[in-house]
Amino acid sequence: MMTDQIEDIERSVVKERASAFYEPLSAWWDENARDFPWRFGKTSSWGVLISEVMSQQTPMSRVLPYWNTWMSVWPEPADLARATPAEVITAWGTLGYPRRALRLRECAQTIVKRHNGKVPSTYEELTALPGIGDYTASAVLSFYFHQRITVIDTNIRRVLSRSVEGTESLGGSATVQEKKIANLALPDDTHASVIWNQATMELGATVCTAKNPLCDDCPLQEKCVFLAAGKPGLGQKRTRPRQSFTGTNRQVRGLILKALRSNISHKLEYSDVQKIWDNHAQLDECIASLDEDGLIVIGKNHAIALP
Ligand code: SF4
């Protein structure tokens, strides 16, 4: 058989399997979707964008109090654009990867300059903003602007890889095959595509989780290819297991920022910084990297401060 004929058969199998999932998935979403304030049309495009940036690498339940604070202090891009770096780093708290806070501020400033303070509604304009990549742009376009666009994150990849293909998603960057499956699986109807994206992502976050998928509670269990095959390779990863957090530079960087945030002047003398961590070589390395990332400034006698 010719290769393109095989591809046609594969395409039709993927489409058929995915379309059989739509009804149970959408019914499950109606019953089980968590009621976050950035869902169901309760916030602005800016609120959705903030939630998507915050929830990358951070579970939505942890994001909630931070999102509430940010939206009450900076409800529009113009408000965040006027904030100081020290204010946004402080408000970011312990959300992790604090460079995201500075990038969001830059993003807000660009929205004010280029788009009159309104979040743009095209993929090209969104991905041209600082800190906004393919995932965030697609999520904002689908979830807020209700456009038909494929959204790919680790949860969606895992659900599709398992339920449609019957294989474990191995993590790392999305493969060509995973992108192809996600594009084929997306319903043609625009409204259905929005439900599909949100429901698949939610299922991956709460039911079809990486280590312990709750197949007994899953709306796709009857037709899931992975379950039928006995969950081959469950939990396998392409990437190395994550280094434990304790003792890492990430932990030390977090402790330095925490000390600066909790000091009323947002400044610390070097003698006080040295009390944060015993390994001073590692401490200095972390101070240098925070400075390089624009998250702190180094002053006289190695005193440090939020920018
Ligand atoms: S049946 Fe199990 S493996 Fe299949 S999609 Fe549902 S939770 Fe995931």
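Of the whole protein surface, residue 69 contributes about 70 Å² of accessible area at a 1.4 Å probe radius. Pairs exceeding 24 Å between alpha-carbon atoms, taken from 180/223; 180/231; 179/223; 15/231; 113/267: 113/267. Once both labels are positioned 7 Å from their Cα atoms along Cα-to-Cβ, the gap between residue 206 and residue 189 label points is 2.3 nm.
Between 0 and 90 degrees, rounded to the nearest ten: what's the tilt of helix 280-292 against the longest Cα principal axis of the chain? The answer is roughly 70 degrees.
Here residue 170 and residue 221 are evaluated by their C-beta separation; at R0 = 30 Å the FRET efficiency comes out at 0.85.
Per DSSP H run of at least 4 residues, take -39500 (n - 2.57); add these up for the chain, divide by its residues and hand me the 222 nm value, nearest 500 deg cm²/dmol.
Helix contribution divided over all residues of the chain: -17000 deg cm²/dmol.
Dipole orientation for the chain: of the candidates 286, 50, 33, 286 has the Cα lying most toward the positive pole (charges on Cβ; Lys, Arg +1; Asp, Glu -1).
Across the stretch 59-152, counting alpha-carbon atoms alone, Rg and Dmax equal 13.3, 38 Å.
Summary value for the stretch 249-305: 41 percent relative contact order, contacts being C-alpha pairs under 8 angstrom separated by 6+ residues. The simple Förster model, with R0 at 41 Å and r as the Cβ-Cβ distance, assigns residue 284 and residue 236 a FRET efficiency of 0.60. Rounded to the nearest angstrom and listed largest first, the equivalent-ellipsoid semi-axes of the chain from its Cα gyration tensor are 40, 24, 17.
Multiplying the residue separation of residue 302 and residue 78 by 0.36 nm and removing their Cα-Cα distance gives an extension gain of 77.2 nm. Using the Cβ-Cβ distance between residue 255 and residue 68 with R0 set to 35 Å, the FRET efficiency from 1/(1 + (r/R0)^6) comes to roughly 0.90. For the stretch 249-305, the Cβ-based charge dipole about the Cα centre amounts to some 260 debye (Lys, Arg positive; Asp, Glu negative; other atoms uncharged).
Compared with the dominant principal axis of the Cα atoms in the chain, helix 60-73 is inclined by about 50°. Bridging of residue 118 to lysines at a Cα separation below 23 Å is possible for 42, once same-chain residues fewer than 8 apart are set aside. Semi-axes of the equivalent ellipsoid of the stretch 249-305 are 14, 12, 12 Å, computed as sqrt(5λ) over the eigenvalues of the C-alpha gyration tensor in descending order.
Evaluate the charge dipole of the chain about its Cα centre and quote only its size in Debye, nearest 20, assuming +1 on the Cβ of each Lys and Arg and -1 on the Cβ of each Asp and Glu.
Details: 35 positive and 35 negative charges, 161 e Å.
That gives a dipole near 780 debye.
Distances between placed amide hydrogens fall under 5 Å for residue 166 paired with 225, 226, all partners being 5 or more residues away or on another chain.
The values are calculated or read from the model by the stated rules, or taken from the named source; none is laboratory data. Remember, it's a predicted structure, so these values are computed and weren't measured experimentally. All Cβ positions, even for glycine, are placed from backbone atoms using ideal geometry, and neighbour counts span all protein chains on display. Surface areas here come from the heavy atoms of the whole protein model, side chains and all, with no ligands, DNA or RNA. Shrake-Rupley method; radii C 1.70, N 1.55, O 1.52, S 1.80 Å.
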